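Bear in mind these aren't lab numbers, they're just calculated from the coordinates by the rules spelled out. Because the structure is predicted, anything quoted here is derived from the model rather than measured. Neighbour counts are summed over all protein chains in view; Cβ atoms, including those assigned to glycine, are modelled from backbone coordinates with ideal geometry.
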Amino acid sequence: MKVLVTGGLGYIGSHTVVSLLSAGHTVVVLDNLDNTRVEVLNALESLTLHKIPFYAADIRSSEALQHLFLKEEVEAVIHFAAKKSVSEALINPLMYFDHNVKGLLNILEACEKFKVSKFVFSSSCAVYGEPKQLPVDEQSPTQIALSPYGNTKRIGEEIVQEYSMLNRSFKSILLRYFNPVGAHASGLIGELPSGIPSNLMPFVAQSAAGLLGPVKVFGYDYNTPDATAIRDYIHVMDLAEAHVKSLEYLNKMNAKVEVFNVGSGIGYSVLQLLNTFQQVNKLKLNIEFAPRRKGDIEMIWADASKIRELMSWRSQRDLLEMCSSAWKWQQYVVNQRIK
């Protein structure tokens, strides 16, 4: 299929572009370059040996979307483009509703106008809030999230679900990501957010490279074995491959909309991740403990049996590979003087 990937030069989007091209799909990328760099496009074309049509545009611009859809005649959309920082969302919630909700509505309107009927939505385990039981499966209740970011994902899910049920030809898959980390095995693409990273792994890698100060562990009084928060970390390439599986599944699924958790199914504490990063990369991190942050949850990990059974997908890469690939990418960034 010819697939539009919104936010396709971002962290998860760029890795998904690689997987889509490897699977034989044609890809069109849209990105406003708000949290990435145009140089990622060069890396993708070098890595895949494909010329990738790219539109530097914002999903909030209906005119830009109409131009793209008119020119490219896409058959499916994978929608990543969104703001994603919990801490930033707490400071500027309206910006998050503007990008994440208005942008989604614009994409759906373009799909309707140009009769694009296959849609994969980038959601988040944040929709579960602080779960009452673990692991969480797709039937676990969604809750008012602890941050506006999480709420924009919950609202986005509701919009896509209702639209799918009311539009006769439209089918969608909602993928609830857990915590993507790591980088492509080549070391040519990875996570490099603008400014100071709000996610743990890029901060750890940049700290290890001497580009940032100590790694702060937010919360050291949780009711967990080592008193730090527990997350389900998943390698970004495993996550990317789940999107390829989702496109294949869309072609044969009977339901109008389906929801899938995408996680490893394993809960690792923050300290476990930091210790593994030090061990596998043979280095020492400067670690400091700090109070809990507003919006963070204590523990969450996935029951990913549904996607395993229906799509024959499972995570393949372990925490060691997540940590080693992230550091390989960071070394490439330093050596190439990428800023």
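In summary, the lysines within cross-link reach of K256, defined as a Cα separation below 23 angstrom excluding same-chain residues under 8 places away, comprise K2, K102, K113, K115, K118, K153, K171, K245, K306. Solvent-free Debye calculation, one equal scatterer per alpha-carbon of the stretch 97-208: log10 I(q)/I(0) at 0.23 Å⁻¹ equals -1.23. Shape verdict for the stretch 238-339, please, from the Cα gyration tensor: rounded (a/c under 1.5), prolate (a/b greater than b/c) or oblate. The shape class here is prolate. Per-residue packing, averaged as other Cβ atoms within 10 Å, sorts the ranges 31-44, 2-15, 210-223 into the order 2-15, 31-44, 210-223, beginning with the highest. Rounded to the nearest 5, the antiparallel percentage of DSSP beta bridges internal to the chain is 5%. Kirkwood radius and radius of gyration were both taken over the C-alpha atoms of the chain, and their ratio Rg/Rh is 0.94. Across the stretch 192-240, C-alpha contacts under 8 Å between residues 6 or more apart give a mean separation that, scaled by the residue count, equals a relative contact order of 16 percent. Note on the chain: with a GNM built from Cα contacts shorter than 10 Å, the maximum mean-square fluctuation among F54, F121, F289 falls on F289. Sparse packing (at most 11 other Cβ atoms within 10 Å of the Cβ) combined with a DSSP loop state is found for the following trypsin sites (Lys or Arg not before Pro) in the stretch 154-202: R168. Each of the peptides 202-209, 256-263 was scored by the mean count of other Cβ atoms within 10 Å over its residues; in descending order, highest first, they stand as 256-263, 202-209. Note on the stretch 46-86: the alpha carbon radius of gyration divided by the globular reference 2.2 N^0.38 Å gives 1.41.
In the stretch 261-339, which GluC sites (Glu not before Pro) are in a loop and have at most 16 other Cβ atoms within 10 Å, using DSSP for the loop call? Display every interim value, and only then the final one.
Values: sites: E288, E298, E309, E321; in loops: E298.
In loop regions of the stretch 261-339 (DSSP not H, G, I, E or B), the sparsely surrounded GluC sites (Glu not before Pro) are E298.
Restricting the stretch 46-114 to trypsin sites (Lys or Arg not before Pro) that sit in a DSSP loop and have at most 13 other Cβ atoms within 10 Å of their own Cβ leaves K51.
Measure nothing fancy, just the Cα-based angle from helix 62-72's long axis to the longest principal axis of the chain, in degrees from 0 to 90, nearest 10. Between helix and principal axis, roughly 70 degrees.
Under the rule a/c < 1.5 gives rounded, and otherwise a/b versus b/c splits prolate from oblate, where does the stretch 170-271 land using the Cα gyration tensor? Let's see the in-between values first.
Numbers: a/c = 2.93, a/b = 1.65, b/c = 1.77.
Judged from the Cα gyration tensor, the stretch 170-271 comes out oblate (a/c at least 1.5, b/c at or above a/b).
Against the longest alpha carbon principal axis of the chain, how many degrees, from 0 to 90 and to the nearest 10, is the axis of helix 39-48 turned? Approximately 80 degrees, to the nearest 10. The relative contact order of the stretch 206-271, computed from alpha carbon pairs under 8 Å that lie at least 6 residues apart in sequence, is 39 percent. Taking the chain as the reference, fit the longest principal axis to its C-alpha atoms, fit the long axis of helix 148-166 to the helix C-alpha atoms, and give the angle between the two in degrees, 0 to 90, nearest 10. Tilt relative to the chain: about 30 degrees. Shape analysis of the stretch 1-110 places it in the oblate category; the axes a ≥ b ≥ c from the Cα gyration tensor give an a/c of at least 1.5, with a/b not above b/c.
Based on DSSP H segments of at least four residues, each scored -39500 (n - 2.57), the chain has a per-residue ellipticity at 222 nm of -12000 deg cm²/dmol. With one equal scatterer per alpha carbon and no solvent term, the Debye-computed log10 I(q)/I(0) for the stretch 135-175 at 0.14, 0.28, 0.30, 0.32 1/Å reads -0.38, -1.02, -1.07, -1.10.
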